[in-house]
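Peer 1: There's a structure below that I have some questions on.
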Amino acid sequence: MDPVNAPVNDTATDPAAPASLEVSGLAFAYPDGHQALFGVDFRVARGERVALLGPNGAGKTTLVLHLNGILGGGAGTVTVAGLPVGGRNTAEIRRRVGIVFQDPDDQLFMPTVREDVAFGPAAAGLRGPELRERVGRALDLVGMGGFEDRPPHHLSFGQRRRVAVATVLAMEPEILVLDEPSSNLDPASRRELADILRGLDVTVLMVTHDLPYALELCPRALVLSEGVIAADGPTAEILGDDALMRAHRLELPFGFDPRVAGRP
Ligand SMILES: Nc1ncnc2c1ncn2[C@@H]1O[C@H](COP(=O)(O)OP(=O)(O)O)[C@@H](O)[C@H]1O
Ligand SMILES: [Mg+2]
């Protein structure tokens, strides 16, 4: 099987600038000896939106947990805007890498939306009007301005996911990493989140099983399979490669044609 290795469009970015994310030779085994990553290499230029696709058990979550140093200690390196993940850089890396977990209820734990969104920036030392402004801006970016005083648990699931995105944007991250952002969203909320993500001026890495969402939002896709990058190229080409898709248990929704859907 021939992996897709088309060149990545990073002409919009300064090639001399450090990549938002650079993963090199990353290998990792869990303490029980189960090896999940076997040498992962890729680079995400600043401003790119990249989908991370792959079957269950491929190592996607394991990879994501390496991006801000929750997991580490295996072989290889991860750098974020030139800064190596791990050790004394951990606090700065946690600020630079904004991970939106699959379940917003893992991320929202304060009595009000304001306190949840302010939590990270306040911990980083922001106070007073600066903090208020940061919170307001993050909520505006996700269309949740005016919800500051609401308890997160009174919001809809889609609204909670957007607030979870705001908690991460409030840190002004170098890269936004989303784990299954469209899961459990009704069609209207799914669409609203897509519009929000498309409008953000930030590098995005999006783990998803929602292949139409990947095509709509991410010009480039990576396929992670059995702990290695099996393909890296334009999303429309990857989704259109039937043999590749079958080999990695990726299935398009019935009747969905990426060659047609991918056209502007
Ligand atoms: N805590 C753990 N201990 C041992 N093995 C694990 C652990 N977490 C995940 N794994 C294994 O590592 C592999 C990759 O898992 P994961 O990164 O969760 O894949 P994905 O997110 O792509 O579904 C799987 O085989 C999984 O069973
Ligand atoms: Mg996972």
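None of the figures in this text is laboratory data; all of them are computed from the coordinates on show. Note that the coordinates shown come from a computational prediction; the quantities given were computed from them, not determined experimentally. Please note: Cβ atoms are built from the backbone with ideal geometry, for glycine as well, and neighbour counts cover all protein chains shown.
Peer 1: Would you work out if region 26-91 is rounded, prolate or oblate? Take a ≥ b ≥ c from the square roots of the eigenvalues of the alpha-carbon gyration tensor; rounded if a/c is under 1.5, else prolate when a/b is larger than b/c, oblate otherwise. Mind showing how you got there, number by number?
Peer 2: On the way: a/c = 2.07, a/b = 1.14, b/c = 1.81.
Verdict is oblate for region 26-91.
Peer 1: Between helix 157-169 and the chain, what is the angle of the helix's C-alpha long axis to the longest principal axis, kept within 0 to 90° and rounded to the nearest 10?
Peer 2: 90 degrees
Peer 1: Before rounding to the nearest 500, sum -39500 (n - 2.57) across all DSSP H runs of length at least 4 in the chain and divide by the residue total; then give [θ] at 222 nm in deg cm²/dmol. List each step's numbers first, then the result.
Peer 2: Working: 10 runs with 88 residues, N = 264.
Result for the chain, helices only: -9500 deg cm²/dmol.
Peer 1: Using +1 on the beta carbon of Lys and Arg, -1 on that of Asp and Glu, and nothing else charged, what's the dipole of the chain about the Cα centre, debye to 20? Don't jump to the answer; show the numbers that get you there.
Peer 2: Numbers: 25 positive and 35 negative charges, 91 e Å.
I would put it at about 440 debye.
Peer 1: Give a residue-ordered list of calculated ³J(HN,Hα) values for region 183-195 (Karplus: 6.51 cos²θ - 1.76 cosθ + 1.60, θ = phi - 60°; whole Hz; x for Gly, Pro).
Peer 2: For region 183-195, the Karplus-derived couplings read 5, 6, 8, 6, x, 5, 5, 4, 5, 4, 5, 4, 4 Hz, x marking Gly and Pro.
Peer 1: How much length is gained if the chain between residue 103 and residue 249 is pulled fully straight, taking 0.36 nm per residue apart and subtracting their Cα-Cα distance, in nm to one decimal?
Peer 2: On the way: separation 146, 0.36 × 146 = 52.56 nm, distance 2.41 nm.
That pair, residue 103 and residue 249, stretches by 50.2 nm at full extension.
Peer 1: May I pose another question? Taking amide H positions as placed 1.01 Å from N in the peptide plane, with prolines and chain starts having none, which residues 5 or more places from residue 178, or on another chain, fall under 5 Å of its amide H?
Peer 2: Residues meeting the amide H criterion: 100, 205, 206, 207.
Peer 1: Hey, another quick one. Could you tell me what percent of the DSSP beta bridges with both partners in region 17-247 are antiparallel, to the nearest 5? Let's see the in-between values first.
Peer 2: Values: 20 of 37 bridges.
So the antiparallel bridges amount to about 55 percent of the total.
Peer 1: Same structure, new question: Determine, from the Cβ-Cβ distance of residue 198 and residue 259 and an R0 of 30 Å, the FRET efficiency 1/(1 + (r/R0)^6), rounded to the nearest 0.05. Present the calculation step by step, with values, prior to reporting the outcome.
Peer 2: Numbers: r = 21 Å, r/R0 = 0.70.
After rounding to 0.05, the efficiency reads 0.90.
Peer 1: Give the separation of the Cα centroids, region 203-264 to region 29-84, in Å.
Peer 2: 18 Å
Peer 1: Arrange 206, 110 by Cβ neighbour counts within 10 Å, fewest through most, would you?
Peer 2: Values: 206 24, 110 14.
Arranged by neighbour count, lowest to highest, 206, 110 become 110, 206.
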